[in-house]
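Asker: Okay, here's the structure, questions in a sec.
The values are calculated or read from the model by the stated rules, or taken from the named source; none is laboratory data. From a predicted model like this one, the values you see are computed outputs, not experimental measurements. We place every Cβ from the backbone using ideal geometry, glycine too, and count neighbours over all the protein chains shown.
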């Protein structure tokens, strides 16, 4: 596998369910991100992890819980979601090594539908 | 208003040039990016420009930066059907937070025969 992978690609869950999204990067990067993409809205940055430490929590509700066990893996644990949480959830990674340009590389996303 | 603004739609004939425009608000932006998103896929980095440059060319892509007006554009020469996608402009707001990108809402480009 190369690049950034995400599983599952599609997820339908009820409001009382608990599920997890997984992201894995094979680029040797040390920063990872979760974004929420809703139709016709700018990407919303949710969480940032740098060297496994959470450096950003952009006022995300507690029903979204991130986990970063190592620099290659990032999870987003979901519980008691609301229908308005239905969106495409994108994971990205970048190299934080002082190279100057922190290009972010994205996974294909998980399309989440909350019923 | 939003930090990064783009028009939502652009329709272009195959073979013509496409120009996608973006305005941003943070004058201390260090890098500005263009990403492409095809249906069912994540965002793909197309190109980026450092704020001390005013132009960058990469094959069919030309990026123009007017720092005074905080205006960024992406020109695609000889537009093909495979260029149909959503294009996002993004900025790195400041040197100390280069990892934190601000994205526009995306411009949907439709290429017609």
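Asker: What single numbered condition from (1) more than 10 Å from chain B (Cβ to nearest Cβ); (2) assigned to a loop (DSSP other than H, G, I, E, B); (3) without any contact (Cβ under 8 Å) to a residue 40 or more places away in the chain; (4) buried (at least 20 other Cβ atoms within 10 Å of the Cβ) fails to hold for residue A:42?
Answerer: Residue A:42 satisfies every listed condition except (1).
Asker: So residue A:2 clears everything in (1) within 10 Å of chain B (Cβ to nearest Cβ); (2) surrounded by fewer than 18 Cβ atoms within 10 Å (Cβ to Cβ); (3) modelled with pLDDT under 95 except one condition, right? Which one?
Answerer: That leaves (1) as the condition not met.
Asker: Need a quick list: strands (runs of 3 or more DSSP E) entirely within segment B:2-68 having at least 2 residues that are modelled with pLDDT under 95 and within 11 Å of chain A (Cβ to nearest Cβ).
Answerer: Strands (runs of 3 or more DSSP E) meeting the threshold: B:4-6, B:31-37, B:43-50.
Asker: If residue A:57 passes every condition in (1) touching a residue at least 24 places away in the same chain (Cβ under 8 Å); (2) touching a strand residue (DSSP E or B) at 6+ places or on another chain (Cβ under 8 Å); (3) away from chain B (no Cβ under 12 Å) but one, which one does it miss?
Answerer: Residue A:57 satisfies all of (1) touching a residue at least 24 places away in the same chain (Cβ under 8 Å); (2) touching a strand residue (DSSP E or B) at 6+ places or on another chain (Cβ under 8 Å); (3) away from chain B (no Cβ under 12 Å) except (1).
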